[in-house]
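The values are calculated or read from the model by the stated rules, or taken from the named source; none is laboratory data. As the structure is a prediction and not an experimental result, all values here were calculated from the model. Virtual Cβ from ideal backbone geometry, glycine too; neighbours counted across all protein chains shown.
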Amino acid sequence: MYKISSKNFKGKWAFILAAAISVSSFVVADPRKESLVVVTASGPNSMDIHRSGTNRPSYQVAVNMYDRLVSFGIKGSGDQLKYDSNVIKPELAASWKLVDDGLAYEFMLRKDATFWDGSPVTADDVKWSFDRAVSLGGFPSVQMKAGGMTKPEQFVVVDKHTFKVVMERASKLTLPDLAVPVPIIINSKVAKANATDKDPWATEYLHKNPAGGGAYMLENWTPGQQLIYKRFDNWKSGTLPQMKRVVVREVPSASTRRALVERGDADVSLDLPNKDAKELATKGKLTVSGTSIDNTIHAVGLNVDFGPFKNKKVRQAIAYAMPYQKIFDAAAYGRGEPMWGGTPGDVSATWPQPFPYDTNIEKAKALLIEAGYPDGFSVPISINLGFAQWTEPTAILMQESLAKIGIKTSINKIPGASWRTKALVEKGLELHLKNFGGWLNYPDYYFFWAYIKGHLFNSMNYDNAEVKSLVDVTLPMAVDNAQYEPNVKRMISLAMDDVPLIPLWQPTLEVAMQPGVSGYVNWFHRQLDIRSFTKE
Amino acid sequence: MKNWFRHTIYIFSENPVSIFAVILFLLYVTMALVGHWLVPYDPYLTNTDIALQPPSVSHWFGTDHLGRDVFSRVVIATRMDLGIAFSAVALSALVGCTLGSLAGYFGGWADQIIGRFTDIVMAFPLFVLAMGLVAAMGNTVENIIYATALINIPFYIRVSRSEVSVRRNLPYVQAALQSGNSHFRALAMHIFPNTLPPLMVQLSLNSGWAILNAAGLSFIGLGVKPPEAEWGIMVAEGANYMISGEWWLVLFPGLVLMMAVFCFNLLGDSLRDIVDPLRRT
Amino acid sequence: MKNKLRLIGQRLLLAVPVIFGVVVISFLLTRALPGDPAVYFAGDMADEQSIQQTREKLGLDKSLPIQFMAYFNRLLEGDLGVSLSTGQSVLFELKSRLPASLELTLIGLGLALIIAVPLGILAAINPNSWIDHLCRILVTAGVSMPIFFTGLFLVFIFYYLLQVAPAPIGRLDFLFLPPPHVTGFYLIDAALANDWALFKAALHQLMLPAITLGIFALAPIARMTRGAMLVSLGSEYVKAATANGLPRKKVILIYAFKNAALPLLTTLGMVFSFLLGANVLVEKVFAWPGIGSFAIEALVASDYAAVQGFVLTMAMLFIFINLLIDMVYTLIDPRVGN
């Protein structure tokens, strides 16, 4: 019954409430030493990378639960480990060689590899999986195509442990393309047992039930909440990982993720905002690993279909009007590689590389007048809401700077889902910010996707016949070919001069870990490879 | 009229909190009107060299992540927020009272249809409806106003409907009709003015609501476009900086926002007391 | 009684056009969302042709009325579509997330009731005293802050600084797996499974978000209690009871409060609806896997099937709750129907 004495009334209840909270915060005995707890912004929406509509975080499943024929090596030391795009190492394939005059690869599969259910991994499984990758269409097929693999006929089972990939023409990209997340090796017996006439590739089944032979198995998946991996103790395709159990939890709020890792409730926090990474690194209590992402730039796209942008001088004017340092400070917090201020005429065959532009308002104004826009013009700046962390401050600073040369802008925040349609499919955004990164670390690969008319990531509608022919010739060309370097340099020079894309900086992938945790490797696919983690 | 005035003074004297609310209200309106000319810095001017600095003598509320002066931004945001709140509320009052009066006066089919429409709008969680509308129409200030107005319309329909239907059959209305006034004139000139007092309460409460609504939309990314200054978006973005220690980014806009909503809520309460002492809550 | 049943029947009937209106609006709303689901389904790196194929497969190239008929038919079969962002069927998502939101809202409402009702009674007993003013200021303050701010602030103080609250990572800590599914309410399911450690863990995680919601609900409940109490305290029968010498406590609690309970009930319905809407923001702060966080992600991702399902569910819930309260009111209130 209520005691209507106004004095202790409310105090009593407050006390009881506080007591309830503190009493319930007793510490439970901690089996956490055997598990790793990782927090990320968003999680997978499917266990099957070949399925259409599968999101990027789902790629971690392909990496951790399935094997590929080969993988990339690892370079670096301490907490600056990174994949090595120049080294291909065995995974399921113990060795390989080029046959048929360099038009086919023959892979010798390891004999002791088994799937989780104990059945041996054979070349038939590899063929079924690769056929699936090129037949289902969508992103997986496109990625396979990048390596020259388009038809099931190209995949040949020589014998139980020998598998052949036939190429239509020799390409330096084929072997690396076998190391990306897409060409996974699925347990075809299990998959076929769960296929139907309407669904011969078992997409319904594999969507929720992975069937692989990778280092980790599925313990539990609650979509939208968490994914729990448990180690496959008989994994033979590499060094057996140390962690027996890995919990990957979705925590949408970046500041909560930071709080969790600072308080010690999470072991690893993936994809930190640059500001958090910088501050946590300075504080020194946590290990912060921040290495640059290969073949990726945060850049400004200028759609050449938009009136004023047809004129190269206008584009160059904008390149001179960008407040590069301010953007680098406010959006990147100094973490990453600056991509401006290069020496004009000094071009190397690496990508990305600093463009020969600097913040020079006078020069920008002069160029605009030359181009015939003494009074400037109006244009909206479009940014992807999903990346607002860096796109918003960048856009605000851009807006301010462009106003100085007479270009009036408004800022359009476009939600992630529509971004793809508007920017990449319709290619209708006039002035926008982009962050494309190529998985295979070659400049020609980047140019293929971003500078050829009609290709997906060419949101600028840029069309240059010379660039196109250079890319066509160079893409399959081996790096040690005498023509390779000159071609790449020429491509880059054209890009620098025409500047439909203004590079701002090369971003880093930031990860924070508890002091005893190590083994994080920065991969091009930007997802978490949990196989290398160790914990003291 | 004189009695009404005396009554108001009496209510306020009994209730010091109400006086406080009125003073605060006037302060906010003043800030909204003249704030733009009185602020020490250009609220849009960035200066990354002095980003994220704590409050100091030169920057009373500190600086934000782009080096802009937080105090200036908070002051000019007053105009944006009060603008959104008043426009939305005025719009929904206009539409809602018209519909509700028609429903209450004519009854029958008009009442049924308007009643169902109200039920449908009220069936959606208000904030969710606003969210959906802004996502579908785009996050411009106009759309935020329209969305906020729409979700508040049912309140006005209900209030004006019940007030009008109660007064409809009163003698003075019958007299006005018999002396040749059309229905609409009777409704607009004779009935409606008497329904104003309870409406004032709603207006005040809904204004506070509208501000919170805009803040909520900002939190999920559907707020006003950058670089506009609006309390809600400053709180939403500033909240991310709490953990890293830049407390001033969220505290000052948050306090100012809270005081504004607080003031509107209190005003609404006081108006309710003035309007109908029997229904004091 | 017959009159009452007839009234209830009438109300049920009136709900039908409203439900239909809700279905139409939720359909239109999601069609108005930006973004093209065909592009999303066609996958990364799809070209014009495969997007058009996907569009046809999804039936998105047909006219709006035809699409609506298809949608309506699927609805009647219980097929709410598949969510793009989580890859699960929308029905599945709603079934697993709704209990999470309801559990949170009910606990929040409970907490608010425990504090606000006594406050309201207290204020009504001492009108215009400093207690009254203090109550008014406190509850109004609670409802004047943006709810996400209250939540984040509580997390900051109690989790980050004081470390007495658990990490805001959802319904259960990393160490625990959910109880065997009976109702979906972790507290009930854990109790049914006799797993008291799990019960404590679930309760632990519920506290902070429920308090956040509760703070928001204090004002309307306290205000309504105070108002209703004032009315009933001033009524004839209470005066009679006091005049007849009944003890003050009994008068207040039994006579006055019982009659104040009816209007309070209506307010509760409104507050519950209100909180369900506010849930959206609280769930984002606390990473709560309820329908609110589902809705935000779906909205921003233009996950149209998910948004439709969510809006429909919420609206149905509201209509249901209001009907329920209406019915209870009709049944209890002796003045209605006679």
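Name every residue in the stretch B:14-48 that is within 19 Å of B:Gly268 (Cβ to Cβ), within 14 Å of another protein chain (Cβ to nearest Cβ) and modelled with pLDDT under 90, in order of residue number. Hits for the stretch B:14-48 are B:Glu14, B:Asn15, B:Pro16, B:Val17, B:Ser18, B:Ile19, B:Phe20, B:Ala21.
State whether one or more residues within the stretch C:143-160 are crowded, with 17+ Cβ neighbours inside 10 Å, under 21 Å from the mean Cα position of the chain (by Cα), within 9 Å of chain A (Cβ to nearest Cβ) and part of a loop (DSSP other than H, G, I, E, B). Looking for residues that are crowded, with 17+ Cβ neighbours inside 10 Å, under 21 Å from the mean Cα position of the chain (by Cα), within 9 Å of chain A (Cβ to nearest Cβ) and part of a loop (DSSP other than H, G, I, E, B), one finds none in the stretch C:143-160, hence no. Quickly run through the stretch A:259-301 and pick out the residues that are within 14 Å of another protein chain (Cβ to nearest Cβ) and without any contact (Cβ under 8 Å) to a residue 24 or more places away in the chain. Of everything in the stretch A:259-301, those that are within 14 Å of another protein chain (Cβ to nearest Cβ) and without any contact (Cβ under 8 Å) to a residue 24 or more places away in the chain turn out to be A:Ala259, A:Arg263, A:Glu279, A:Ala281, A:Thr282, A:Lys283. Looking at the structure I just gave you, is B:Leu52 at pLDDT 90 or above and either assigned to a helix (DSSP H, G or I) or over 22 Å from B:Trp231 (Cα atoms) (or both)? No: the conditions fail for B:Leu52. Mind listing just one residue for me: the one in the stretch A:288-328 that is part of a strand (DSSP E or B) and among the polar types (S, T, N, Q) and, of those, farthest from A:Leu367 (Cα to Cα)? By that ranking, first place goes to A:Ser289.
The residue pairs whose first member lies in the stretch C:266-279 and is at negative phi, whose second member is surrounded by 24 or more Cβ atoms within 10 Å (Cβ to Cβ) and among the polar types (S, T, N, Q), and whose beta carbons are closer than 8 Å, counting only pairs six or more residues apart or on different chains, are C:Phe272/C:Thr105; C:Leu275/C:Thr105; C:Leu276/C:Ser101; C:Leu276/C:Thr105; C:Asn279/C:Ser101; C:Asn279/C:Thr105. If you go through the stretch C:303-318 one residue at a time, do you hit one that is surrounded by fewer than 23 Cβ atoms within 10 Å (Cβ to Cβ), farther than 17 Å from C:Ile221 by Cα and out of contact with any helix residue (DSSP H, G or I) (no Cβ under 6 Å at 6 or more places or on another chain)? Yes - at least one qualifying residue is present in the stretch C:303-318.
Kindly evaluate C:Val282 against the criterion of being away from chain B (no Cβ under 11 Å), assigned to a helix (DSSP H, G or I) and either within 14 Å of the chain's Cα centre (by Cα) or farther than 30 Å from A:Pro415 by Cα (or both). Spell out the reasoning first.
Values: away from chain B (no Cβ under 11 Å): no; assigned to a helix (DSSP H, G or I): yes; either within 14 Å of the chain's Cα centre (by Cα) or farther than 30 Å from A:Pro415 by Cα (or both): yes.
It is false that C:Val282 is away from chain B (no Cβ under 11 Å), assigned to a helix (DSSP H, G or I) and either within 14 Å of the chain's Cα centre (by Cα) or farther than 30 Å from A:Pro415 by Cα (or both).
Could you list, in sequence order, the residues of the stretch C:207-224 that are out of contact with any Gly (no Cβ under 9 Å at 6 or more places or on another chain) and either crowded, with 23+ Cβ neighbours inside 10 Å or under 25 Å from C:Leu175 (Cα atoms) (or both)? Can you show your working first?
Restricting attention to the stretch C:207-224, the residues satisfying the condition of being out of contact with any Gly (no Cβ under 9 Å at 6 or more places or on another chain) are C:207, C:220.
Within the stretch C:207-224, just C:Met207 meets the criteria.
Among the residues of the stretch A:482-489, is any within 24 Å of the chain's Cα centre (by Cα), buried (at least 18 other Cβ atoms within 10 Å of the Cβ) and closer than 30 Å to A:Pro57 by Cβ? Lay out the reasoning, then the answer.
Within the stretch A:482-489, the subset within 24 Å of the chain's Cα centre (by Cα) is A:488.
Of the ones still in play, those that are also buried (at least 18 other Cβ atoms within 10 Å of the Cβ) are A:488.
This time we only want the ones that are closer than 30 Å to A:Pro57 by Cβ, so: none.
For the stretch A:482-489, residues within 24 Å of the chain's Cα centre (by Cα), buried (at least 18 other Cβ atoms within 10 Å of the Cβ) and closer than 30 Å to A:Pro57 by Cβ: absent.
Of the candidates C:Leu265, C:Leu208, C:Leu246, the single residue that is over 16 Å from C:Ala123 (Cα atoms) and outside any helix (DSSP H, G or I) is C:Leu246. Exactly one residue out of C:Gly120, C:Gly108 is buried (at least 24 other Cβ atoms within 10 Å of the Cβ) and in contact with a Lys or Arg (Cβ under 7 Å, 6 or more places away or on another chain): that is C:Gly120.
Which one of these is more than 8 Å from every other protein chain (Cβ to nearest Cβ), closer than 30 Å to B:Gly138 by Cβ and not in a helix (DSSP H, G or I): C:Leu80, C:Leu75?
Working: C:Leu75 fails: not in a helix (DSSP H, G or I).
Going through C:Leu80, C:Leu75 in turn, just one is more than 8 Å from every other protein chain (Cβ to nearest Cβ), closer than 30 Å to B:Gly138 by Cβ and not in a helix (DSSP H, G or I): C:Leu80.
Is one or more of the residues making up the stretch B:267-276 within 13 Å of the chain's Cα centre (by Cα), touching a residue at least 40 places away in the same chain (Cβ under 8 Å) and within 11 Å of chain C (Cβ to nearest Cβ)? Checked the stretch B:267-276: at least one residue is within 13 Å of the chain's Cα centre (by Cα), touching a residue at least 40 places away in the same chain (Cβ under 8 Å) and within 11 Å of chain C (Cβ to nearest Cβ). Within the stretch B:128-145, being within 13 Å of another protein chain (Cβ to nearest Cβ) and not polar (S, T, N, Q) holds for B:Val128, B:Leu129, B:Ala130, B:Met131, B:Gly132, B:Leu133, B:Val134, B:Ala135, B:Ala136, B:Met137, B:Gly138, B:Val141. If the condition is being without any contact (Cβ under 8 Å) to a residue 60 or more places away in the chain and of a type in the set (S, T, N, Q), then the stretch A:125-146 contributes A:Ser129, A:Ser141.
How many residues does the stretch B:248-258 contain that are within 20 Å of the chain's Cα centre (by Cα) and either at the interface with another protein chain (Cβ under 8 Å from one of its Cβ atoms) or not in a helix (DSSP H, G or I) (or both)? Total meeting the criteria: 3.
For the stretch B:226-237, what are the residues that are over 20 Å from the mean Cα position of the chain (by Cα) and outside any helix (DSSP H, G or I)? I'd like the intermediate steps shown before the answer.
Of the stretch B:226-237, the ones over 20 Å from the mean Cα position of the chain (by Cα) are B:226-227, B:237.
Passing the criteria: B:Pro226, B:Pro227.
The residue list C:Ala315, C:Ala295 contains one member that is under 15 Å from C:Thr86 (Cα atoms), at the interface with chain B (Cβ under 10 Å from one of its Cβ atoms), assigned to a helix (DSSP H, G or I) and aliphatic (A, V, I, L, M), which is C:Ala295. Where residues in the stretch C:128-142 are within 7 Å of chain B (Cβ to nearest Cβ) and part of a helix (DSSP H, G or I), which of them is nearest to B:Tyr241 (Cα to Cα)? By that ranking, first place goes to C:Ala141. Being small (Gly, Ala, Ser) and either part of a loop (DSSP other than H, G, I, E, B) or touching a residue at least 60 places away in the same chain (Cβ under 8 Å) (or both) is a property that holds for B:Gly208. Only one of the numbered conditions (1) under 30 Å from A:Ser493 (Cα atoms); (2) touching a strand residue (DSSP E or B) at 6+ places or on another chain (Cβ under 8 Å); (3) within 11 Å of another protein chain (Cβ to nearest Cβ) is violated by A:Pro323, and that is (2). How about the stretch A:253-267: which of its residues are at pLDDT below 90 and among the β-branched types (Val, Ile, Thr)? Of everything in the stretch A:253-267, just one residue is at pLDDT below 90 and among the β-branched types (Val, Ile, Thr), namely A:Thr256. When you look at C:Ala191, is it out of contact with any Lys or Arg (no Cβ under 6 Å at 6 or more places or on another chain), of a type in the set (A, V, I, L, M) and within 12 Å of another protein chain (Cβ to nearest Cβ), yes or no? Spelling it out, it is not the case that C:Ala191 is out of contact with any Lys or Arg (no Cβ under 6 Å at 6 or more places or on another chain), of a type in the set (A, V, I, L, M) and within 12 Å of another protein chain (Cβ to nearest Cβ).
Given B:Ala90, B:Ala51, which one is hydrophobic (A, V, I, L, M, F, W, C) and more than 14 Å from every other protein chain (Cβ to nearest Cβ)?
Answer to the check: B:Ala90.
Could you check the stretch A:230-256 and list, in sequence order, the residues that are in a loop (DSSP other than H, G, I, E, B) and within 14 Å of chain B (Cβ to nearest Cβ)? Spell out how you get there, then give the answer.
At the first step, the residues of the stretch A:230-256 found to be in a loop (DSSP other than H, G, I, E, B) are A:232-244, A:251-253.
Scanning the stretch A:230-256 gives A:Val251, A:Pro252, A:Ser253.
Residues that are buried (at least 21 other Cβ atoms within 10 Å of the Cβ), outside any strand (DSSP E or B), within 14 Å of another protein chain (Cβ to nearest Cβ) and under 29 Å from the mean Cα position of the chain (by Cα) do not occur anywhere in the stretch A:191-204.
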